[in-house]
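The values are calculated or read from the model by the stated rules, or taken from the named source; none is laboratory data. Computed from a predicted structure; not experimentally measured. FYI the Cβ positions are ideal-geometry reconstructions off the backbone, even for glycines, and counts take in every protein chain you see. Remember, those area values only see protein heavy atoms, side chains included, never the ligands or the DNA or RNA. Shrake-Rupley method; radii C 1.70, N 1.55, O 1.52, S 1.80 Å.
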Amino acid sequence: MTKTSAALVSIGIGLCLSGCAAFPELRPADVRLPDTWHATRPHDGSTSELVTWWGTFNDPSLIALIRLAQDENPTVASAVADIERARATLASEQANLFPVLDGSASATRSGTDGSSSNRVAAGTLSSGGLDASWEVDLFGKVRQKTEAAGLRVDQRVDDWYDTRVSLAAEVADYYVQYRACRQLENAYSVELTSQRETIRATETAAASGLTSSADLALARASAASSSSTLTAQRTECNVLIISLAQVTGGDEAAVRRLLAQGKPGLPAPKSFQITAVPAEALRQRPDINALELEVAAAVADVGAAKADLYPSLSLAGSVTISSSTLTGAALPWSFGPALTIPLFDGGARRATVMGAIADYDTAAANYKSGVLSAVAEVETALVRIDSTRRRISDASSAARNYRTYFNAIDTNWRAGGVSLLDREEARRAAQSSEISLIEIRRDAVRYWIALYKALGGGWDAGAGSPPGHSSTIQGNQL
């Protein structure tokens, strides 16, 4: 290297170092977590594996629908495609660590026709060559880009797990709503049948002059209102079937068959146990792990951008083998290093570094926000589970006593001791309490499902079949 080249390198490195010193240091993406759950914890907070939780519902139709969604839902296929795209990016970055070698070959036949004085003998020129180049990764730019790409592959795998967890929870939530919807439909149907019997009895009494036409109008109005409510409830049940068909791949006929084979009651886990420390639960959440990986990838991106401020050294060489029937053979070759020094680019490289640092700040903020949201989701689910657990006992007592009250009023009405209006008020109170009980039981299971999702669904990086290895979804990994 000449003195001039050495001076240029020194100047370039000095400028790069002075530029790097102006950039802010990266801060760790830490989040303060509480030591214990503030909400009441079911089962006294004892611990247990979550991966087999769906099996505790003991509902084959639910498991079948979840498996169908895992196989057919396009969001899972999209998540797999994202993994393959990230792997391709990683392979491209890894290729930059190795020399590039290109080969070429040609053959040319030439000569001239004409008089003997102008004629040139025909000849064949054939050649082949190899061109090689390699950028020496002096300051780790290629290495850090490769590291960032590798981290994003892991991030996409976590996104795939998170998609499966969210999808399973969504299917289960729709399924629970559907079973509760059918129970509500049955309750309205039973009540409508009773009201129609009341209409017939009231019509007979009105024809005999034993009751007024007002009672008959009231009985008919109550039955018409119940019929309208029943129609609306059946519509909602059909809408839920459509929603289940959408998340399971669109085969509504298959969904209806699975629903017909299932148990009519509300599914519920036999037992469900959770950890007592938020950090323990957050380790199970693939989305939180993905956010953390993005922070690490952003740090690598900053390192690569800073490395681009330094000079780059590349080695290039070529060998050409040529042979002619007229001139013989030749073997020209060349080899040498090339040094590129960033002296002035209008601030483009500095802007790239600042953009990478801003991306890191965004990733760190997203990670913190994700952790805080995860803690809030768990706490919210725990509060709601505790609330519904307490409400179910009171709601059961209310429904039982309101039905007893109605039966007593109904007996008195049939004996002529109370008016039809009193009977209808008692009926509405009994029906309302029974509907409320069904809804509370439905919500209790839905909150368990929300907690399952908030705890990462029992996700385990060692469980399941990562894309590219096997497409089989095991029941105890859902």
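Here are the numbers:
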quantity: Identity of the residue in region 408-426, without any contact (Cβ under 8 Å) to a residue 40 or more places away in the chain and among the acidic types (Asp, Glu), that ends up most open to solvent (accessible area, probe 1.4 Å); calculated: Glu425
quantity: Identity of the residue in region 276-290, assigned to a helix (DSSP H, G or I) and of a type in the set (Gly, Ala, Ser), that ends up modelled with the highest pLDDT; calculated: Ala290
quantity: Residue within region 103-116 that is part of a loop (DSSP other than H, G, I, E, B), at pLDDT 75 or above and either of a type in the set (Gly, Ala, Ser) or surrounded by 12 or more Cβ atoms within 10 Å (Cβ to Cβ) (or both) present; calculated: no
quantity: Test: residue in region 291-313 that is open to solvent by 20 Å² or more (accessible area, probe 1.4 Å), part of a strand (DSSP E or B) and modelled with pLDDT of 70 or more; calculated: yes
quantity: Test: residue in region 380-390 that is in contact with a Phe, Trp or Tyr (Cβ under 8 Å, 6 or more places away or on another chain), of a type in the set (D, E, K, R) and surrounded by 15 or more Cβ atoms within 10 Å (Cβ to Cβ); calculated: yes
quantity: Residue match in region 398-413 (condition: part of a helix (DSSP H, G or I), among the basic types (Lys, Arg), within 30 Å of Glu424 (Cβ to Cβ) and in contact with an Asp or Glu (Cβ under 9 Å, 6 or more places away or on another chain)); calculated: yes
quantity: Extreme residue, most open to solvent (accessible area, probe 1.4 Å), among residues of region 248-266 that are closer than 14 Å to Leu62 by Cβ and aliphatic (A, V, I, L, M); calculated: Ala260
quantity: Qualifying residue in region 29-51 (condition: of a type outside the set (D, E, K, R), under 23 Å from Gln284 (Cβ atoms) and at pLDDT 85 or above); calculated: no
quantity: Residue that is nearest to Ala297 (Cα to Cα), among those in region 117-150 that are among the hydroxyl-bearing types (Ser, Thr, Tyr) and modelled with pLDDT under 80; calculated: Ser133
quantity: Considering residues of region 338-355 that are of a type in the set (Gly, Ala, Ser) and outside any loop (DSSP other than H, G, I, E, B) only, the residue nearest to Val299 (Cα to Cα); calculated: Gly355
quantity: Conditions (1) closer than 21 Å to Leu184 by Cβ; (2) over 49 Å from the mean Cα position of the chain (by Cα): number failed by Gly417; calculated: (1)
quantity: Test: residue in region 429-447 that is closer than 30 Å to Leu218 by Cβ, acidic (Asp, Glu) and at pLDDT 85 or above; calculated: yes
quantity: Residue within region 156-174 that is among the small types (Gly, Ala, Ser) and in a strand (DSSP E or B) present; calculated: no
quantity: Hits in region 199-247 - residues which are hydroxyl-bearing (Ser, Thr, Tyr) and either open to solvent by 60 Å² or more (accessible area, probe 1.4 Å) or in contact (Cβ under 8 Å) with a residue 60 or more places away in the chain (or both); calculated: Thr202, Thr204, Ser208, Thr211, Ser213, Ser222, Ser225, Ser228, Thr231, Thr235, Ser243
quantity: Which numbered condition Tyr405 misses (of (1) open to solvent by 40 Å² or more (accessible area, probe 1.4 Å); (2) over 18 Å from Gln195 (Cβ atoms); (3) at pLDDT 90 or above); calculated: (2)
quantity: Checking Gln195 against (1) assigned to a helix (DSSP H, G or I); (2) of a type outside the set (Val, Ile, Thr); (3) within 30 Å of Asp308 (Cα to Cα), the condition it does not meet; calculated: (3)
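This table checks each residue for (1) under 11 Å from the mean Cα position of the chain (by Cα); (2) closer than 28 Å to Leu97 by Cα.
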| residue | (1), (2) |
| --- | --- |
| Lys141 | no, yes |
| Gln144 | no, yes |
| Ala148 | no, yes |
| Val153 | no, yes |
| Arg156 | yes, yes |
| Asp162 | yes, no |
| Val171 | no, no |
| Val176 | no, no |
